[in-house]
Amino acid sequence: MLAVKETQAKSVLNKSQIFDYCVNPYTGCQVNCRYCYAALFMKRYSGHKEAWGEFVDVKVNAPDVLRQQLLRAKRGTVWISSVCDPYQPLEAKYELTRRCLKELLEKQFPVNIQTKSKLVLRDLDLLTEFKEIEVGFTITTSDEKIAKLFEPGASSVLERLKALEKLRTSGIKTFAFIGPLLPGDPEKLVADLAGLVNRVFIDRMNYLNQIKAFYRQQNLEWATEDKFFQEYKTRLKTALKKKRMKFEAIF
């Protein structure tokens, strides 16, 4: 059972260590990725007793707060979002991400969106109006069963690939974040991404101590070993080079 609470935010446009700013219209995330780093601290930060993936605070005033903050903010790239999926299912009802995008578009702040949901296509009319924008999908594996296991609330791998194709044909700069690396077929994933993204990022599974029990339950402990991550990274890099695709390995 999902606990949903409408809240009032004091600040929405916050400093980020990755980009200049980040905007999180929600606290908590229905996508409920088993490996999410936000799960390590968001319960304590938010005061929730529910398990990660079972609560979402909806910052109903987020667009209004953002509008006010943009009046005095120095222009910089805004990351949407850093600790939740901006297009988690509740976004279809509340449209906070869409309304925040409208505010950012008004000021033409550069935007970087990272999601696992095809719902991002709903906002194609806004995305195509930005002068500087990049939209990416986290795609951790080519295996639909593995993806569903680790990312139960996300769009399917195929749906993510189709969304990337639509974004790319609409003239939007795109990327794929292959991380954390999960079991699958690296060569197939690269072949599927070819022609759909401008660049690819590769990362391993971090915070393994917090998720090893889940791997053990699924008989996937072998996929937590350094040998697995190094081998998969090598295979990805080889396949990406053959396709002449730009990439960056983070580990």
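The values are calculated or read from the model by the stated rules, or taken from the named source; none is laboratory data. Here the structure is a predicted model, which means the values were calculated and not measured. Reconstructed Cβ throughout: ideal geometry from the backbone, glycine too, with neighbour counts over all protein chains shown. With ligands, DNA and RNA removed, areas are computed over all heavy atoms of the protein, side chains included. Shrake-Rupley method; radii C 1.70, N 1.55, O 1.52, S 1.80 Å.
Being in contact with a helix residue (DSSP H, G or I) (Cβ under 8 Å, 6 or more places away or on another chain) and either open to solvent by less than 10 Å² (accessible area, probe 1.4 Å) or hydrophobic (A, V, I, L, M, F, W, C) (or both) is true for just one of Leu66, Leu71. Which residue is that?
Leu66
Which residues, taken from the range 66-83, are more than 10 Å from Pro25 (Cβ to Cβ) and not polar (S, T, N, Q)?
Residues satisfying the conditions are Arg67, Leu70, Leu71, Arg72, Ala73, Lys74, Arg75, Gly76, Val78, Trp79, Val83.
In contact (Cβ under 8 Å) with a residue 60 or more places away in the chain and aliphatic (A, V, I, L, M), is that true of Ala62?
In short, no.
Restricting attention to the range 178-212, which residues are at positive phi and either among the aromatic types (Phe, Trp, Tyr) or modelled with pLDDT under 95 (or both)?
Of everything in the range 178-212, just one residue is at positive phi and either among the aromatic types (Phe, Trp, Tyr) or modelled with pLDDT under 95 (or both), namely Tyr207.
Quick one: which of Tyr232, Tyr215 is over 24 Å from Val31 (Cα atoms), at pLDDT 95 or above, out of contact with any Phe, Trp or Tyr (no Cβ under 8 Å at 6 or more places or on another chain) and in a helix (DSSP H, G or I)?
The unique qualifying residue is Tyr232.
Quick check on the range 31-47. Is at least one of its residues among the charged types (D, E, K, R), surrounded by 15 or more Cβ atoms within 10 Å (Cβ to Cβ) and in a helix (DSSP H, G or I)?
Yes, that holds for at least one residue.
If you scan the range 4-30, which residues turn out to be open to solvent by 70 Å² or more (accessible area, probe 1.4 Å) and either in a loop (DSSP other than H, G, I, E, B) or acidic (Asp, Glu) (or both)?
Glu6, Gln8, Lys10, Gln17, Ile18, Asp20
Exactly one condition in (1) on the phi > 0 side of the Ramachandran plot; (2) open to solvent by less than 20 Å² (accessible area, probe 1.4 Å); (3) at pLDDT 95 or above is false for Gly53; which is it?
In the conditions (1) on the phi > 0 side of the Ramachandran plot; (2) open to solvent by less than 20 Å² (accessible area, probe 1.4 Å); (3) at pLDDT 95 or above, Gly53 misses (3) alone.
Take the range 175-228 and flag every residue that is among the polar types (S, T, N, Q) and more than 17 Å from Ala249 (Cα to Cα).
Answer for the range 175-228, where residues must be among the polar types (S, T, N, Q) and more than 17 Å from Ala249 (Cα to Cα): Asn209, Gln210, Gln217, Gln218, Asn219, Thr224.
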